[in-house]
Amino acid sequence: MKILSDQAAEWREHGVVYLPGALDAATVAAARDLFDWSRAHPTASACRFYESEDGTFYQDLCHPEAALAYRELLCDSVIADLVAGLWQAPDVWFLYEQIFLKEGRAMRRTPWHQDSPYLALDGEQMAVMWLSFDAVAREHSLEFVRGSHRGPLYDGSAFDAADDTRPIYAQGLPRLPDIEATRADWDIVSFAVEPGDVVVFHPQILHGGAATTGARRRTLSLRFFGDDAVYATRPAPAPAPLVAGLHERLVAGQPFRHPAFPKLRPAPAGFEDIPAVPGHQRSLRAQMQSA
Ligand SMILES: O=C(O)CCC(=O)C(=O)O
């Protein structure tokens, strides 16, 4: 699939674009295997955001060896080409992966939030590709406030079950508005998705996942940045991406480059330079070095 100029325009204007059938069956199968790899290799950040008698909402992100594990998917599939097509720019770097699993009879919604307050980078050329391995009806899918990637940067949501807008920094950024309580005031859009469809969004867009009932929802978010991305400070050190020494190495406004983030396009580069992390040298890195 090739990105059309109206899809790139929609991406720029709305901050989100739905690409039905963008991935073929082999790519979906490879991505699903990697979702399972991430489930089988939890990081210290793995957690259940919410848990009740009715269901579980599990997530994990930024495994230090994910770029190595995901390398073939990232380099050899159409994924990075789609991102470059939306940006209409040639350079694409991989930032990190995140998995979400909602299962059980019912699971509450993912609070409205932007990803940018959690992230130590800003840029027009940033993208999150959200793919689901289960069919998701529109009313249970990820929702977006169209165009809000160009609006204010709010504080993050602490994902507190008692208060969806409880901030993470509580200083320096305005508190999130209560979008759920005032839905009619916002230009909300969402998409029914099947495996193979992708939704790509800018990390500054306001988004949140609708509640699910009955069905399991396994989703993978792949995050990318481009040439214009710069290191950005937040009211306190941003929690993501979780890379040792990142905040000490970069200063605000400096191009966002670090060996933890390999380049995917125009040609893959930097996979050999991904820093080893104590406790994570064993598996993939050891295999790569002995290959
Ligand atoms: O899948 C979800 O419910 C949340 C996804 C999300 O917030 C993200 O990928 O940034």
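Scanning segment 116-144 for residues that are β-branched (Val, Ile, Thr) and farther than 12 Å from Gly209 by Cα yields a total of 1.
Flag not set for Pro42, criterion: surrounded by fewer than 16 Cβ atoms within 10 Å (Cβ to Cβ), closer than 14 Å to Leu131 by Cα and not β-branched (Val, Ile, Thr). Just one of the numbered conditions (1) touching a Pro at 6+ places or on another chain (Cβ under 9 Å); (2) touching a residue at least 60 places away in the same chain (Cβ under 8 Å) is not true of Ala211: (1). In segment 184-195, the condition of being within 16 Å of the ligand (Cβ to nearest atom) and under 18 Å from Leu61 (Cα atoms) is met by no residue. Taking segment 103-208 as the region of interest, the strands (runs of 3 or more DSSP E) fully inside it that hold 1 or more residues being among the acidic types (Asp, Glu) are 142-145. Name the one entry in Leu95, Leu68, Leu173, Leu153 that is crowded, with 21+ Cβ neighbours inside 10 Å, on the phi < 0 side of the Ramachandran plot and not β-branched (Val, Ile, Thr). Going through Leu95, Leu68, Leu173, Leu153 in turn, the sole match is Leu95. Scanning segment 249-263 for residues that are small (Gly, Ala, Ser) and surrounded by fewer than 17 Cβ atoms within 10 Å (Cβ to Cβ) turns up Ala252, Gly253. Does segment 131-141 include one or more residues that are more than 14 Å from Ile205 (Cβ to Cβ), among the β-branched types (Val, Ile, Thr) and either at pLDDT below 95 or within 12 Å of the ligand (Cβ to nearest atom) (or both)? Within segment 131-141, one or more residues are more than 14 Å from Ile205 (Cβ to Cβ), among the β-branched types (Val, Ile, Thr) and either at pLDDT below 95 or within 12 Å of the ligand (Cβ to nearest atom) (or both).
The values are calculated or read from the model by the stated rules, or taken from the named source; none is laboratory data. Remember, predicted model here, so these are calculated numbers, not experimental data. Using ideal geometry, Cβ is built from the backbone for each residue, glycine included, and neighbour counts are taken over all protein chains shown.
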